[in-house]
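Here's the structure we're looking at; comments come further down.
The values are calculated or read from the model by the stated rules, or taken from the named source; none is laboratory data. Bear in mind that the values here come from a model prediction, so they are computed numbers and not experimental data. Note: ideal-geometry Cβ built from the backbone for every residue, glycine included; neighbour counts use all protein chains shown.
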Amino acid sequence: MNPLIRPLALASAASLVLVASQAFASSDAAWGEFNQRVTRSCVAASGIRNARASVIVGFDDRVGKVAQLISDRTRGSTLSKLCLYDKRTRTAFVDEADMWSAPPAPSHR
């Protein structure tokens, strides 16, 4: 084996590990920003003042959408709206979903 190939291979492997670790480090932040964007858009589109958002339900990337249930936190209210968020256009679409329920998304404070 050529004596120059081994150090070059080790340097390449080390670079690959470094790049991969940076990609994983930024993906948590990117997912957090995405989740906030979806929740803000869905809450705004719902028009519910005292809104509580559920966890985001993701679909296969071929669908290009995620779903979220937005409910009214007002005591005794059954007002809920189902939100479909289009990842490509970054647009939220809502429709009535009264009587549906879902646990709220955990708060990340």
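Side notes on the structure shown:
- Residues of the range 32-56 classified as surrounded by 12 or more Cβ atoms within 10 Å (Cβ to Cβ) and under 10 Å from the mean Cα position of the chain (by Cα), total: 7
- Top-ranked residue in the range 78-91 [being assigned to a strand (DSSP E or B) and free of Cβ contacts under 8 Å to residues at least 40 places away in the same chain; ranked as surrounded by the fewest Cβ atoms within 10 Å (Cβ to Cβ)]: D86
- Cβ-Cβ under 7 Å pairs, at least 6 apart or on other chains, the range 92-109 side closer than 16 Å to V66 by Cβ and modelled with pLDDT of 80 or more, far side among the basic types (K, R) and part of a strand (DSSP E or B): V94/K81; D95/K81; A97/K81
- Matching entry among A102, A45 (being in a loop (DSSP other than H, G, I, E, B) and small (G, A, S)): A102
- Single match in S27, S71 (criterion: at pLDDT below 90 and either surrounded by 10 or more Cβ atoms within 10 Å (Cβ to Cβ) or not in a loop (DSSP other than H, G, I, E, B) (or both)): S27
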